[in-house]
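Contents: one structure, followed by commentary.
The values are calculated or read from the model by the stated rules, or taken from the named source; none is laboratory data. Since the model is a prediction, treat every value here as computed from it, not as a measurement. Positions of Cβ are generated from backbone atoms using ideal geometry, with glycine treated the same way; all protein chains shown enter the neighbour counts. Just the protein is used for accessible areas: all its heavy atoms, side chains included, with ligands, DNA and RNA removed. Shrake-Rupley method; radii C 1.70, N 1.55, O 1.52, S 1.80 Å.
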Amino acid sequence: METALPPIWYASKRVLRTIVQALVVLVPVVNGVGLAVVGYLREQTDIVIPGTVFVVLNAIVAVTALLMGLAAKIMAVAGVNDLLGRIGLGSVPQSQIVGREASTGAVIVAADPKSLTTRAAYWASRRG
């Protein structure tokens with residue numbers, strides 16, 4: 001039986017970052033498109049769009065961002081991350097997985113070179 005990949009660091013921060021990323025992208029895009037549609041309708045027809053439409057649009061964007069954060073949280077669960085790792089979408093890059101322990105199936109991950117503070121520590125980690 002295989003064990004899960006190493007736990008994801010700062011899973012809650014990843015969720016918050018996903019929510020912020022969604023808001024940074026979606027709020028300007030949705031409001032810009034909404035303004036363009038309102039401008040077009042005002043020029044071409046007699047339809048007047050109330051301002052509350054933008055409140056509703058932004059509420060939909062907020063709910064969408066929260067759902068994206070929920071999906072990020074689910075993907076951070078150890079079993080889901082292990083499943084994603086098997087198809088190349090896990091939190092550990094495939095290039096850093098050096099093998100699996102024969103008796104337990106545990107993932108063996110190479111040391112992150114960026115986390116090593118000295119050249120000697122880096123080379124010592126490369127030698128095993």
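With all protein chains present, calculate the accessible area of Asp46 using a 1.4 Å probe and round the result to the nearest 10 Å².
150
Grab the alpha carbons of the stretch 17-110, take their convex hull, and tell me the volume per residue in Å³.
117
Going through the stretch 1-107, which chymotrypsin sites (Phe, Trp or Tyr not before Pro) have at most 11 other Cβ atoms within 10 Å and a DSSP loop state?
When the chymotrypsin sites (Phe, Trp or Tyr not before Pro) of the stretch 1-107 are filtered for loop state and at most 11 Cβ neighbours within 10 Å, Trp9, Tyr10 remain.
Could you sort Leu26, Leu70 by their accessible area in this structure, using a 1.4 Å probe and putting the largest first?
Leu70, Leu26
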